[in-house]
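Written out below as structure tokens is the structure these notes cover.
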Amino acid sequence: MAYWLLKSEPDVFGYPDLERVQKEPWNGVRNYQARNHLRSMQEGDLAFFYHSNSNPSGIAGICKIARSAYPDNLQFDPESKYFDPKSTSENPRWSMVDVVPVRALPLLSLETLRSLPELSDMLLLRKGNRLSVMPVTEAEWKAILDHVDSISAPAT
DNA sequence: GCCAACGTTGGC
DNA sequence: GCCAACGTTGGC
């Protein structure tokens, strides 16, 4: 099983929205690197749900990949801003996965994440990173959840 | 709203 | 295949 991180702007679609709808097709990804990560996902993989362009930005929850990659419907919709006239149904250019909520987390801000030494090499925290879908290592995943445990149940 | 850091496009 | 111009992302 692999771990991932998905970015979304909470003004558009935040973690609470995922809890409300219970299942969401992760469409609209139009970057090849991000798409390739989507295509690498397997059902059952877990992902951090990251709020970008927010105040503060950070990890807001955990979601699960409920369906592995299949063609993104919006690429064929001329009315959509994600329409891609160069994509064909025989050879769809863009993919999406379905995600379902797992649990909300107390918002882990970028500042908090940067303060954890275990995350010093995390892709998300690297300068200039703009990827909206990226892998998370098992060590990073555990370090973040350990931190969540430490703030929700302080050591006695 | 600014702007740095990318990614994409298209002329050549 | 280079690279300038342009568009987008996302923190601040």
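The values are calculated or read from the model by the stated rules, or taken from the named source; none is laboratory data. In this text, all values refer to a predicted model and were calculated from it rather than measured experimentally. Using ideal geometry, Cβ is built from the backbone for each residue, glycine included, and neighbour counts are taken over all protein chains shown.
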Show me the helices (runs of 4 or more DSSP H) entirely contained within region A:1-116 in which 2 or more residues are among the aliphatic types (A, V, I, L, M).
A:15-21, A:32-40, A:110-115
Region A:1-39, residues that are among the acidic types (Asp, Glu) and out of contact with any helix residue (DSSP H, G or I) (no Cβ under 7 Å at 6 or more places or on another chain):
A:GLU9, A:ASP11, A:ASP17, A:GLU19
Could you list all residues from region A:18-42 that are within 16 Å of DNA strand C (Cβ to nearest atom) and closer than 21 Å to A:SER80 by Cα?
A:TRP26, A:ASN27, A:GLY28, A:VAL29, A:ARG30, A:ASN31, A:TYR32, A:ALA34, A:ARG35, A:LEU38
What pairs can you find where one residue is in region A:125-146 and within 17 Å of A:CYS63 (Cα to Cα) and in contact (Cβ under 8 Å) with a residue 12 or more places away in the chain, the other is more than 16 Å from DNA strand C (Cβ to nearest atom) and assigned to a loop (DSSP other than H, G, I, E, B), and their Cβ atoms are less than 7 Å apart, with a gap of 6+ or different chains?
A:PRO135/A:ALA2
Here the qualifying pairs (Cβ atoms under 6 Å; residues six or more apart or on different chains; first in region A:108-123 and free of Cβ contacts under 8 Å to residues at least 24 places away in the same chain and under 16 Å from A:PHE48 (Cβ atoms); second away from DNA strand B (no atom under 16 Å from the Cβ) and of a type in the set (Asp, Glu)) come out as A:MET122/A:GLU140
Check A:SER52, A:SER95, A:SER87 and return the single one that is surrounded by 14 or more Cβ atoms within 10 Å (Cβ to Cβ), over 22 Å from A:GLU9 (Cα atoms) and hydroxyl-bearing (Ser, Thr, Tyr).
A:SER87
Any residue at all in region A:133-141 that is modelled with pLDDT of 95 or more, of a type in the set (Ser, Thr, Tyr) and more than 19 Å from A:TYR3 (Cβ to Cβ)?
no
Provide a single number: the residues in region A:115-140 that are in contact with a Leu (Cβ under 8 Å, 6 or more places away or on another chain) and either among the polar types (S, T, N, Q) or away from DNA strand B (no atom under 16 Å from the Cβ) (or both).
5
Odd one out for A:LEU38, checked against (1) under 17 Å from A:LEU124 (Cβ atoms); (2) away from DNA strand B (no atom under 16 Å from the Cβ); (3) in contact with a strand residue (DSSP E or B) (Cβ under 6 Å, 6 or more places away or on another chain):
(2)
State yes or no: is A:SER109 in contact with a strand residue (DSSP E or B) (Cβ under 7 Å, 6 or more places away or on another chain), closer than 23 Å to A:TYR3 by Cβ and more than 16 Å from DNA strand B (Cβ to nearest atom)?
yes
